[in-house]
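Worksheet for the structure shown next.
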Amino acid sequence: MYHKIGPEDIRYLQSIVGEMDVITHDFISEDYAKDELGTVRSTPDVLIKVESAIEISRIMAYANQHLIPVTVRGSGTGLVGACVPIEHGILLDMTKMNRIIGIDEKNLVLEVEPGVLLMNIYEFVEKKGYFYAPDPGEKTATIGGNVATNAGGMRAVKYGVTRDWVKAMEVVLPSGEITQFGRIVAKNSTGYALKDLVIGSEGTLAIITKLFLKLIPLPEKAISLLVPFETARDAIFSVPKILQSTLAPTAIEFFDRNTIGFAEDFLGKKFPERRYDAYILLTFDGSSDEDIQKQSHRAAELALNELGALDVLIVDTQERKDDVWKARGAFLEAIKASTTLMDECDVVVPRDKIADYIAFTHDCSHKYNVRIPSFGHAGDGNLHIYICKDNIADTEWKSLLTRVFDEMYDKAKEMGGLVSGEHGIGYAKKEYMRRILGDTQIEIMRGIKKVFDPNAILNPGKVI
Ligand SMILES: Cc1cc2nc3c(=O)[nH]c(=O)nc-3n(C[C@H](O)[C@H](O)[C@H](O)COP(=O)(O)OP(=O)(O)OC[C@H]3O[C@@H](n4cnc5c(N)ncnc54)[C@H](O)[C@@H]3O)c2cc1C
């Protein structure tokens, strides 16, 4: 159905962005054929390093007219194959669009291009005393990728997810038209929420070319508590009770002794505490030392007196903060390094079901004789679960994985959960989304896709 790119197309694309920024098939690095997890692979016919909305607009108008598939790529740190050009065609690399345009201090809004890396946003705004709160684990992701996947992260408990921090965006539609969704306003009841539809649409509806992000004053202080429990169940059961209290934690993360072990091996550094089976990591932020000390004392009392915690370790020195948070940030890569190949499950379930869900993954691990480590954003009911291939034969792996995933997503459905809390659907999770949401909702999504992209040229084969 799609047009195969030929020399004439290449010449036209070069006339838009220059010869240097159009890289053809044989010269494209293997990295562009996959994302961070590498389970989905496909090479683009042509890679284009774009620098402006105008360039993208001209490329899209041409691609739309000639039926050439186009896939957008940020840093490629995704985990569900969303940025992989399944139908080949054009891959747009957004990382050269990396200008921080500036802060509108009166409206507390940051204006950036989509290829700016998350870590550069923090650095820029925090120097000026402002805070962009979403805190996904991979800081080398682009902000465009974060918005396109509605990335979550560690601070979602208190501050919400990426969607809550996007006020407006400039986009190029598949037709090539440039438009803006949302405005720099505090409220908006103006028609359908098109901006929010593009957020989390994984590059299937429009290409984000500029973002206007909400900022708040930087909380000056933060403190974390590492709280060990005898069992995972005890640890997880403490979460609703912490949230019912008047404490307002920024993060509530869960992990176990095994995951700490993977991080120690991966980083070559000892974690400050590894005597117990399960841990909750709590963070509080605030405007003064007094403020965060008060919160952390109350949290420690609650944990020790009412929640069955075995100890409370205060993570207040810079050295300890580095040890704990570096390890937390490395969990995914550490588990990946512990095995030959893995696939992941990013389910989200109601918070009161997390303990049962983790117990269920342990049952699956025994039943299928496969290693299934996990950790997660306990405060959000969002678990990251990894099915590790280890020494399982290639011939068995695919069918085993399908059986494990089938059970896991069926269980998530039964518990009132969803396929993905933050990593998205991409290519890898489409069938599971259909099973949980049902055909009616998928048809509504198809209808939306058709309105934005009647020729199905933008990131075909993804999400629906
Ligand atoms: C170690 C590690 C930790 C992680 N931790 C978290 C976490 O805590 N929370 C979380 O949510 N995710 C996490 N992720 C997943 C990943 O980092 C996020 O999904 C991130 O948002 C992807 O950004 P990217 O720039 O790498 O996008 P890519 O992987 O390149 O692309 C992802 C999707 O966004 C689309 N896209 C990219 N740019 C644009 C654009 N300008 N316009 C339209 N569509 C676009 C692509 O087409 C694709 O569909 C983690 C990943 C790793 C490797």
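How far is helix 394-414 tilted, in degrees, relative to the longest principal axis of the Cα atoms in the chain, given as a value from 0 to 90 rounded to the nearest 10?
For helix 394-414, the angle is close to 70 degrees.
Once the cut-off is 17 Å, how many percent of the Cα-Cα pairs in the range 342-446 end up in the long-distance tail?
Taking all Cα-Cα pairs of the range 342-446, the fraction more than 17 Å apart is 51 percent.
For the range 7-95, give the share of DSSP beta bridges that are antiparallel, in percent and rounded to the nearest 5; count only bridges with both residues there.
About 25 percent, rounded to the nearest 5.
How much length is gained if the chain between R99 and T190 is pulled fully straight, taking 0.36 nm per residue apart and subtracting their Cα-Cα distance, in nm to one decimal?
Length gained between R99 and T190: 29.8 nm.
At a 10 angstrom cut-off on C-beta neighbours, averaged per residue, how do the peptides 127-135, 183-191, 98-106, 145-153 rank from highest to lowest?
Highest to lowest by the protection proxy: 145-153, 127-135, 98-106, 183-191.
Can you list the residues, at least 5 places off or on another chain, whose amide H is less than 5 Å from the amide H of K167, using H built in the peptide plane?
Amide H neighbours of K167, under 5 Å, 5+ apart: F212, L213, K214.
Treat each spin label as a single point 7 Å out from the Cα along the C-beta direction, and report the L304 to E230 distance in nm.
Simple spin-label model gives 1.8 nm for this pair.
From the Cα gyration tensor of the range 221-334, with a ≥ b ≥ c the square roots of its eigenvalues, which class applies: rounded if a/c is under 1.5, or else prolate if a/b is larger than b/c, or else oblate? Before the final figure, lay out each step's value.
Values: a/c = 2.05, a/b = 1.29, b/c = 1.59.
Cα axes put the range 221-334 in the oblate bin.
Quote to one decimal, in nm, the extra length available between Q318 and Y122 on full extension: 0.36 nm per residue of separation minus the C-alpha distance between them.
Once the chain is fully extended between Q318 and Y122, it gains 68.7 nm.
Pairing the Cα long axis of helix 257-267 with the longest principal axis of the chain, what angle in degrees results, from 0 to 90 and rounded to the nearest 10?
Taking Cα atoms only, the helix is inclined about 60 degrees.
Going by the alpha-carbon gyration tensor, a ≥ b ≥ c the square roots of its eigenvalues, is the range 7-95 rounded (a/c under 1.5) or, if a/c is not under 1.5, prolate (a/b greater than b/c) versus oblate?
Prolate shape, in that a/c is at least 1.5 and a/b is the bigger ratio.
Taking the Cα-to-Cβ direction at E8 and at Q441 and moving 7 Å from each Cα, how far apart do the two end points lie in nm?
Roughly 4.5 nm, to one decimal.
Considering only DSSP beta bridges with both partners in the chain, what is the antiparallel share in %, to the nearest 5?
Counting only bridges with both partners in the chain, antiparallel ones make up about 85 percent.
Hey, can you grab everything whose amide H is under 5 Å from the amide H of L458? Only 5+ residues off in sequence or another chain; H modelled, so Pro and N-termini drop out.
Placed amide hydrogens put V70 under 5 Å from L458.
Can you give me the C-alpha center-to-center distance between the range 68-144 and the range 301-362, rounded to a whole angstrom?
Using only Cα atoms, the two centres lie 26 Å from each other.
Mind checking which of L213, S338, A355 is farthest towards the positive end of the chain's charge dipole, using Cβ charges of +1 (Lys, Arg) and -1 (Asp, Glu) about the Cα centre?
L213
What percent do you get for the relative contact order of the range 7-95 when only Cα pairs under 8 Å and 6+ apart count?
35
Relative contact order of the chain: what whole-number percent is it, with Cα pairs under 8 angstrom and at least 6 residues apart?
16 percent.
In debye to the nearest 20, how big a dipole does the range 100-217 give about its Cα centre with +1 on each Lys and Arg Cβ and -1 on each Asp and Glu Cβ?
380
Would you compute, for the Cα atoms of the chain, the largest minus smallest coordinate along each principal axis and list the three values in descending order, in whole Å?
Taking the Cα atoms of the chain, the three principal extents are 71, 60, 44 Å.
Rounded, prolate or oblate for the range 253-412? Axes are the square roots of the Cα gyration tensor eigenvalues, ordered a ≥ b ≥ c, and the cut-off for rounded is a/c under 1.5.
Values: a/c = 2.60, a/b = 1.72, b/c = 1.51.
In terms of gyration-tensor shape, prolate.
Find the centroid of the Cα atoms in the range 265-279 and in the range 207-251, then give the distance between the two in whole Å.
The two parts, judged by their Cα centres, are 21 Å apart.
Pairing the Cα long axis of helix 354-368 with the longest principal axis of the chain, what angle in degrees results, from 0 to 90 and rounded to the nearest 10?
80
Calculate the spin-label point distance for T340 paired with S288, positioning each point 7 Å from the Cα along the beta-carbon direction, and give it in nanometres.
In this crude label model, S288 to T340 measures out at 6.0 nm.
Just list whichever of K139/K270; K241/K429; K127/K462 have alpha carbons separated by over 29 Å in the model shown.
Distance filter (> 29 Å) returns K241/K429; K127/K462.
Ignoring everything except DSSP H segments at least 4 long, calculate the 222 nm mean residue ellipticity for the chain; use -39,500 (n - 2.57) per segment, divide by total residues, nearest 500.
-11500 deg cm²/dmol
Rule-based calculations on the coordinates, nothing more; no lab input. All figures in this text were calculated on a predicted structure; none of them were measured in a lab. In this analysis, Cβ positions are derived from the backbone assuming ideal geometry, glycine residues included, and neighbour counts consider all displayed protein chains.
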